[in-house]
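Peer 1: Quick one: this structure, given as structure tokens, is what I'll be asking you about.
The values are calculated or read from the model by the stated rules, or taken from the named source; none is laboratory data. Keep in mind the model is a prediction, meaning the values are calculated, not measured. Using ideal geometry, Cβ is built from the backbone for each residue, glycine included, and neighbour counts are taken over all protein chains shown. Accessible surface is based on the protein model in full, side chains and every heavy atom, while ligands, DNA and RNA are left aside. Shrake-Rupley method; radii C 1.70, N 1.55, O 1.52, S 1.80 Å.
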Amino acid sequence: MINERYYPLLATLAVCALLYGYGIYEHRAFSDTYVLGNLLTDNAFLIVTAIGMTFVILSGGIDLSVGSMIAFVGVLMAELVGGFGLHPLAAVVIAMIVGTGFGGFMGYLINKFDIQPFIITLAGMFFLRGMCFVINLDSVPISHSFVSDFGSFRIPLPGRGWLSASALVMLAAVIVGIVIAHYTRFGRNVYAIGGDRQSAELLGIPVGRTTVQVYALSGLFSSLAGVVFAFYTASAYPLAAVGVELDAIAAVVIGGTLLTGGMGFVIGTFFGGIIMGVIQTLISFDGSLNSWWTKIMIGALLFGFIVLQRLITRSFSGLRAGAG
Amino acid sequence: MAAMTQSTSAILSVRGVGKVFPGVKALQNVDFDLVPGEIHALLGENGAGKSTLIKVITGVHPRDAGRVIFNGTDIHPQHPGEAQNMGISTVYQEVNLVPTLSVAENLMLERQNLKWGFINWKPTIAAARDALATLGLDIDVERPLGSYSVAIQQLVAIARAVALDARVLILDEPTASLDAEEIKSLFQIMRDLRGRGMGIIFVTHFLDQVYAVTDRITVLRNGQRVGTFVTADLARIDLIGHMLGRELAEVSSHRHHDERGFTGKGNQIQIKNLGRKRMLHPVSLELSGGEIVGLAGLLGSGRTELAELIFGAQKADSGLVFINGEPVMLRSPQHAIRSGFALCPEDRKQDGIVAELSVRENIILALQGRRGWLRPIPGAEQQKIADDMIRALGIATPDREKPVGQLSGGNQQKVILARWLVAKPLFLILDEPTRGIDVGAHADIIKLIKELCDEGLALLVASSELEEIVAFADRVVVMRDREKVSELVGAEITQSRIIEAIAR
Ligand SMILES: Nc1ncnc2c1ncn2[C@@H]1O[C@H](COP(=O)(O)OP(=O)(O)OP(=O)(O)O)[C@@H](O)[C@H]1O
Ligand SMILES: [Mg+2]
């Protein structure tokens, strides 16, 4: 029998396959690797953000600051490259250190003062968005040969498609995320804390330290997403990525991670993000449908997955009785 | 021999420890010594402070006064992980594992086999299997822990603590949901570890177990140490006296089984061929108001399953239940409650207690549910009901408004019991009602249950304590391998007859 922990992941894979299959059935062009390459590129920053979010949600928390972080990182890098004349790579390092530090600081506050993560990261969201405007009021280009090289880098795929640098960074981030989640003690402790915080504490898990690390990790991934986003658009805009935190949460849930924490997979989040991209592509291929249909479809999927999760958590107690 | 040893050789010493919770002096000036190679019982009534002492030693709660000396040095662990790393391994009172993680992961958290800093799963899972094998447990360690019974979860918790290879092992009521065989193998392991020089602290309410396995006994009462004694030199009656601070009024134990005829009196409840595939072979059973039926059998024999099927917590695929000849629909617990049924479940942490609500709110929950939420019980009446129950069951709490989560384990159990007793159902099912309840309160509870039956309640009690069943049941149904194998009435109800039926 398949372990019941894999049910949500299987559901995610099934939905992804169905939607993609439907696309191929309806539109011949959908089977071209061109569509796949674009999916991976266009959703790269969302998926990278969502990986960090996966850890936060697995630990039983939430991080609302990630959208603002993406914008902030862009504006900061534009300033570092344009204003201070730093090499973009140096700016990337600085931006990611700042992002990780800020995430860790939020984690510290959440843990130290035992405040709802929702509140602290909401404050972080406003704070970072405000900081964008302190640095810069307008959209500015990030012009540097490295940035344009990043934008034009491509590995051809069979067919007409290609893998962009953004897509490669995202795929690498997925692999790193999987390794952290499944092959490090930190990762397993995150699952334990999300499953039952009090028990985790009594089992000797450093709950406080792990909480700080989880939000630092989310800061790291969201600032990496900010880098990808800035390079991908070759510009920075203080109002960029508004609402991406909610898209990231949606990707995590559609990816089969339990919203209450403790169960889920990074690879599920990857497919969750892809599903959202496929829906968007399908609707733009169709042409006759309003783009808001994307939101409606995603909303419907979210409902479906939350109900599924409920059924699975409930089946736990049923199984227990059977085993008693 | 162990008692001769002076405190200088102690591996763990507690000196003058005090701990105050709002409204409660949980510990006052407590001294305690554990020497290597002894099993030391820590005993006392519900709320005496046993679990608090353990939590203060291991850094779950900060202490307000006193010293804890481990291996010759003062220690101040800030959280349980620190104590664990120093070599103090603990199984806390409630099963404290993570239900969503696999069994193997629960066993190996923070101790996974690493290779270049990354977890190497194969040896990790193999080590988990070995840890369980020492307790004679052979289960699929990759299934989520939450899908196993409380007993198995408790064994996993014990296996984890034992595998830590510590200097001191602390077990807070580890045997509460284990059967006789499992307890035997646990004791064997405890003796082995003692032989290797480990010091073991063992909390239990079963006095037989105290005399079977411990070397010394420390008794707490109301947060203070009454004394430390050598087990072999302390008579059972004196031990009870030390724990209660008074003589235990002998429970008028045996009901005069054949004196009463129940037929025709009160409500008649008939269960006909109730069963579910792979869970329970169809069972038939009749009860009438005022009668107590005991449900005996080993863990996994189908006791809990029968209770859940009657209550509608699991759906039956065959059979019917009748009240006074009328069939009742038992699709869900709500239906069952409306028909006047009640179930007090086995696993209080998962299914029973609402930790954030006060004692009063927890007690009136089921009664309110029966009346419907549109007809709230007046405040004054709620308070009276709660106060009556606190007195009748001796629930140790400073006041009725304290959150239940802050009561001691045994007192939480009493609150759940109170909830169902005040709801005055016509048919009450109790699954292991006295688990974790001390000797004094045990007698009070049995008395209260008998009073309710005299008022016409029909009662089904599942219990692994045969003594308890024999003491109050009018009839005993014996389960084995998910099947009803025998029914004993009147003078047939003796421990040996029940054991015979279980074992046959
Ligand atoms: N977290 C807490 N907050 C407030 N009061 C508490 C807390 N934990 C325990 N207490 C109180 O401290 C007292 C001692 O409780 P403790 O759990 O140590 O009892 P115990 O001896 O382990 O009893 P039992 O046999 O029922 O497990 C009780 O009166 C309890 O209400
Ligand atoms: Mg206790």
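Peer 1: Would you pick out the residues in segment A:197-235 that are in contact with a Gly (Cβ under 7 Å, 6 or more places away or on another chain) and not in a helix (DSSP H, G or I)?
Peer 2: Those that are in contact with a Gly (Cβ under 7 Å, 6 or more places away or on another chain) and not in a helix (DSSP H, G or I): A:GLY204, A:ILE205, A:PRO206, A:ALA234.
Peer 1: Working carefully through the options A:SER65, A:SER59, find the one that is of a type in the set (S, T, N, Q) and within 13 Å of the chain's Cα centre (by Cα).
Peer 2: Details: A:SER59 fails: within 13 Å of the chain's Cα centre (by Cα).
That would be A:SER65, the only listed residue that is of a type in the set (S, T, N, Q) and within 13 Å of the chain's Cα centre (by Cα).
Peer 1: Identify, please: which residue in segment B:49-68 is within 12 Å of ligand 1 (Cβ to nearest atom) and among the basic types (Lys, Arg) and is, among those, most open to solvent (accessible area, probe 1.4 Å)?
Peer 2: In this case the residue turns out to be B:LYS55.
Peer 1: If you scan segment B:94-115, which residues turn out to be more than 10 Å from chain A (Cβ to nearest Cβ) and open to solvent by 10 Å² or more (accessible area, probe 1.4 Å)?
Peer 2: B:ASN113
Peer 1: Within the group B:MET279, B:MET190, which residue is of a type outside the set (S, T, N, Q) and modelled with pLDDT under 90?
Peer 2: Selected residue: B:MET279, the only one of B:MET279, B:MET190 that is of a type outside the set (S, T, N, Q) and modelled with pLDDT under 90.
Peer 1: While we're looking at this one, here's another question. Before we move on, is B:VAL91 out of contact with any strand residue (DSSP E or B) (no Cβ under 7 Å at 6 or more places or on another chain) and in contact (Cβ under 8 Å) with a residue 60 or more places away in the chain? Reasoning before the result, please.
Peer 2: Details: out of contact with any strand residue (DSSP E or B) (no Cβ under 7 Å at 6 or more places or on another chain): no; in contact (Cβ under 8 Å) with a residue 60 or more places away in the chain: yes.
No: the conditions fail for B:VAL91.
Peer 1: Give me the residue from segment A:251-273 that is part of a helix (DSSP H, G or I) and open to solvent by 10 Å² or more (accessible area, probe 1.4 Å) and, out of that set, nearest to A:VAL176 (Cα to Cα).
Peer 2: Residues of segment A:251-273 part of a helix (DSSP H, G or I): A:251-254, A:266-273.
Add one more test, that the residue is open to solvent by 10 Å² or more (accessible area, probe 1.4 Å), and what stays is A:267, A:270-271.
Working: A:ILE267: 11, A:PHE270: 12, A:PHE271: 16 Å.
Within segment A:251-273, the match that is nearest to A:VAL176 (Cα to Cα) is A:ILE267.
Peer 1: Return yes or no: is B:ALA65 in contact (Cβ under 8 Å) with a residue 40 or more places away in the chain and among the aliphatic types (A, V, I, L, M)?
Peer 2: Spelling it out, B:ALA65 is indeed in contact (Cβ under 8 Å) with a residue 40 or more places away in the chain and among the aliphatic types (A, V, I, L, M).
Peer 1: Which of the residues belonging to segment B:178-187 are surrounded by 15 or more Cβ atoms within 10 Å (Cβ to Cβ) and modelled with pLDDT under 90?
Peer 2: Matches in segment B:178-187: B:LEU178, B:ASP179, B:GLU182, B:ILE183, B:SER185, B:LEU186.
Peer 1: Continuing with the same structure: If I ask for residues that are closer than 23 Å to A:PHE150 by Cα and open to solvent by 20 Å² or more (accessible area, probe 1.4 Å), which ones from segment A:2-40 would you list?
Peer 2: Selection gives A:THR33, A:TYR34, A:LEU36, A:ASN38.
Rundown of residues vs (1) without any contact (Cβ under 8 Å) to a residue 12 or more places away in the chain; (2) assigned to a helix (DSSP H, G or I); (3) of a type in the set (A, V, I, L, M), yes/no style:
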residue	(1), (2), (3)
A:PHE150	no, yes, no
A:ILE155	no, no, yes
A:ARG160	no, no, no
A:VAL174	no, yes, yes
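Peer 1: Which of (1) within 9 Å of chain B (Cβ to nearest Cβ); (2) more than 20 Å from A:GLY101 (Cα to Cα); (3) open to solvent by less than 40 Å² (accessible area, probe 1.4 Å); (4) of a type in the set (Val, Ile, Thr) does A:VAL207 not meet, given it meets every other one?
Peer 2: (2)
Peer 1: Just one of (1) among the β-branched types (Val, Ile, Thr); (2) away from chain B (no Cβ under 12 Å); (3) farther than 17 Å from A:VAL227 by Cβ; (4) surrounded by 20 or more Cβ atoms within 10 Å (Cβ to Cβ) trips up A:VAL190, so point out which.
Peer 2: It is condition (2) that A:VAL190 fails.
Peer 1: Here is a further query. Just checking, does segment B:206-214 include any residue being away from ligand 1 (no atom under 16 Å from the Cβ), more than 14 Å from chain A (Cβ to nearest Cβ) and over 23 Å from B:ALA441 (Cβ atoms)?
Peer 2: Within segment B:206-214, one or more residues are away from ligand 1 (no atom under 16 Å from the Cβ), more than 14 Å from chain A (Cβ to nearest Cβ) and over 23 Å from B:ALA441 (Cβ atoms).
Peer 1: For B:ALA380, state whether it is of a type outside the set (D, E, K, R), open to solvent by 20 Å² or more (accessible area, probe 1.4 Å) and assigned by TED's automatic domain parsing to the domain that holds B:PRO282.
Peer 2: no
Peer 1: So which residues in segment B:161-177 are away from ligand 2 (no atom under 16 Å from the Cβ) and open to solvent by 10 Å² or more (accessible area, probe 1.4 Å), if there are any at all?
Peer 2: B:VAL162, B:ALA163, B:LEU164, B:ASP165, B:ALA166, B:ARG167, listed by residue number.
Peer 1: In segment A:136-156, what residues are surrounded by 15 or more Cβ atoms within 10 Å (Cβ to Cβ) and either touching an Asp or Glu at 6+ places or on another chain (Cβ under 8 Å) or more than 15 Å from A:ALA234 (Cβ to Cβ) (or both)?
Peer 2: A:ASN136, A:ARG154, listed by residue number.
Peer 1: Across segment A:281-323, which residue is modelled with the lowest pLDDT among those that are surrounded by 13 or more Cβ atoms within 10 Å (Cβ to Cβ) and among the aromatic types (Phe, Trp, Tyr)?
Peer 2: Only one residue fits best here, namely A:PHE316.
Peer 1: For B:ASP438, all conditions in the list (1) within 14 Å of ligand 1 (Cβ to nearest atom); (2) touching a Leu at 6+ places or on another chain (Cβ under 9 Å); (3) in the same structural domain as B:LEU365 (by TED's automatic domain parsing) hold save one; what is the number of the exception?
Peer 2: Among (1) within 14 Å of ligand 1 (Cβ to nearest atom); (2) touching a Leu at 6+ places or on another chain (Cβ under 9 Å); (3) in the same structural domain as B:LEU365 (by TED's automatic domain parsing), the lone unmet condition for B:ASP438 is (3).
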